[in-house]
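The values are calculated or read from the model by the stated rules, or taken from the named source; none is laboratory data. Everything quoted here is computed from the prediction, not taken from an experiment. Note that we place each Cβ from the backbone using ideal geometry, even for glycine, and neighbour counts take in every protein chain shown. These accessible areas exclude ligands, DNA and RNA; they are computed on the full protein's heavy atoms, side chains included. Shrake-Rupley method; radii C 1.70, N 1.55, O 1.52, S 1.80 Å.
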Amino acid sequence: MDESHITVACRNVWKVYGPKAQSIVGSPDASLSRQQLMEKTGCVAAVRDVSFEVAPGEVFVVMGLSGSGKSTLVRCITRLIEPTAGQVLIDGEDVLKIGEERLREIRRTKVSMVFQHFGLLPHRRIVENVAFGLEVRGVEKAERLAAAQKVIEVVGLDGWADSYPDELSGGMQQRVGLARALATDPEIMLFDEPFSALDPLIRRDMQDEVVRLQKEVKKTMIFITHDLMEALKLGDRIAIMKDGHFVQVGTPEEVVAHPADDYVADFIRDVPRAHVLTVRAIMRPAGDASDYAGDVAAATVVQDLLPMLVEEHRPYRVIDGGAPSGIVDRTAVLSAMIEVAS
């Protein structure tokens with residue numbers, strides 16, 4: 001990726017807990033299992049040699065099971081946890097090499113974080129909770145409250161500005177947390193499993209809210225989750241993490257269509273693939289075909305294609321970038337479903 005098109009980059013990042021942690025970095029012992037490493041060295045490698053880049057406006061999702069290292073990784077980005085080794089670049093600046101004052105400035109102005117636990121101030125009104133980051137920044141009261149009110153409306157809490165946190169449901173409180181993160185107009189938003197404690201229906205509503213907000217505000221987002229369906233719904237790209245390292249990085253479609261190993265394949269086994277795969281992933285060469293039922297965009301999700309094929313035996317011509325690139329028909333759909341299910 002072009003350096004000018006990178007907002008966040010982690011390069012060979014490690015986080016090792018224990019005695020002489022630095023000696024584990026890049027050593028043969030680093031390849032041991034977590035239990036073996038602990039028994040031999042007394043250390044735990046929570047993050048192992050992780051590298052990735054996030055483009056401006058991209059939603060990059062890191063998912064994995066509990067203990068995979070994903071929450072540790074996201075905290076390394078702003079040094080809430082100090083990495084043992086590597087580089088963490090924000091707009092090209094290595095945050096591991098800067099002083100405390102500059103780090104505080106980055107946290108105040110460039111990056112906001114949304115946690116699972118809302119951390120709302122119980123004796124302050126919602127508008128004051130949302131404005132808290134601006135207050136820390138030293139923004140004058142009238143200005144920060146006006147800004148907070150606008151963000152409250154953006155996240156769908158209009159009319160609740162003068163309420164207190166205990167008057168709101170869990171989903172509404174999480175909206176307050178989201179509004180508080182947005183109020184400082186950060187370039188980068190970090191989400192650490194923000195919706196995992198919510199009821200399923202509320203969680204889905206909050207996922208929809210993030211999708212809607214991203215279309216509106218175009219922030220660079222790094223989102224941590226243990227829920228694959230949440231990752232597939234939100235991510236432009238997904239990194240699947242296991243034992244401190246990335247197993248696979250790709251678009252939702254790439255991960256579902258081409259799992260890197262048995263671990264990833266097990267993750268995606270129950271995914272409704274027709275909702276994720278696009279025509280581009282299942283099309284085949286046109287060959288001698290000339291009688292088409294019509295044209296279909298390569299980015300069309302297979303689920304949306306199915307009704308078109310119910311009564312149609314002829315293939316559809318696939319258009320990608322304004323030009324024909326292949327065909328798709330019932331056989332292509334069935335082949336793709338059988339391939340990924342086997």
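The peptide list 239-247, 167-175, 26-34, 284-292, put in order of mean Cβ contacts within 10 Å with the highest first, becomes 239-247, 167-175, 26-34, 284-292.
Ordered by solvent-accessible area of protein heavy atoms (1.4 Å probe), largest first, the residues Trp160, Trp14 come out as Trp160, Trp14. Label-to-label distance, Met337 versus Ala293, with points set 7 angstrom from Cα along the beta-carbon direction: 1.3 nm. For Thr251, the accessible surface of its heavy atoms amounts to roughly 40 Å² (probe 1.4 Å, protein chains only, rounded to the nearest 10). Taking the square roots of five times each eigenvalue of the Cα gyration tensor of the chain, the equivalent ellipsoid has semi-axes of 38, 29, 18 Å, listed largest first. Using a probe of 1.4 Å, the accessible surface attributed to His258 totals some 120 Å² when neighbouring protein chains are kept in position. Using C-alpha pairs below 8 Å separated by at least 6 residues, the relative contact order for the chain is 17 percent. The alpha carbons of the range 1-65 occupy a box of 43, 25, 16 Å along the principal axes, longest dimension given first.
Would you look at the GNM of the chain, springs on alpha carbons closer than 10 Å, and say which of Pro315, Pro186, Pro307 moves the most? Fluctuation is largest for Pro307. With only Cα atoms counted, the range 46-123 has Rg and Dmax values of 13.7, 43 Å. Over all projection directions, the Cα-based convex hull of the range 286-342 averages an area of 4.2 nm². Each 5 Å bin from zero up to the one holding the largest Cα-Cα distance in the range 149-299 carries the following percent of pairs: 2, 7, 15, 17, 15, 13, 10, 8, 6, 3, 2, 1, 0, 0.
Of interest is the spacing of the C-alpha centroids, which for the range 69-94 and the range 112-148 amounts to 25 Å. Taking the range 107-175, how much of its Cα-Cα pair set, in percent, is spaced more than 15 angstrom apart? Of the Cα pairs, 52 percent sit more than 15 Å apart.
The H on the amide N of Ala297, modeled in the peptide plane, is under 5 Å from the matching H of Ile319, each at least 5 residues off or on a different chain. Relative to the dominant Cα principal axis of the chain, helix 330-341 is inclined by about 50°. Test of understanding: extend the Cα→C-beta vector of Asp261 to 7 Å, then name every residue of the range 27-43 with backbone N under 18 Å from that spot. Counting only backbone N, you get 27-37. Beta bridges from DSSP with both residues in the chain: antiparallel share about 55 percent, rounded to the nearest 5. Neighbours of Glu100, meaning other residues whose beta-carbon lies under 13 angstrom from its beta-carbon, give a summed charge of +3 when Lys and Arg score +1 and Asp and Glu score -1. Each principal axis of the Cα atoms in the range 224-287 has its own extent, and those three values, largest first, are 46, 21, 20 angstrom. What FRET efficiency, computed as 1/(1 + (r/R0)^6) with R0 = 30 Å and r the Cβ-Cβ distance, is obtained for Asp227 and Glu135, rounded to the nearest 0.05? According to the calculation, E is roughly 0.35. Computed over protein heavy atoms with a 1.4 Å probe, the carbon and sulfur contribution to the accessible area of the chain reaches 51%. Every Cα-Cα pair of the range 1-132 was included, and the share exceeding 25 Å stands at 37 percent. Taking the centroid of alpha carbons for each part, the range 46-68 and the range 263-312 are 28 Å apart.
Computed over the chain, the per-residue total of -39500 (n - 2.57) for DSSP H runs of n ≥ 4 gives a 222 nm mean residue ellipticity of -10500 deg cm²/dmol, rounded to 500. Computed over protein heavy atoms with a 1.4 angstrom probe, the accessible surface ordering of Asp192, Asp261, largest first, is Asp261, Asp192.
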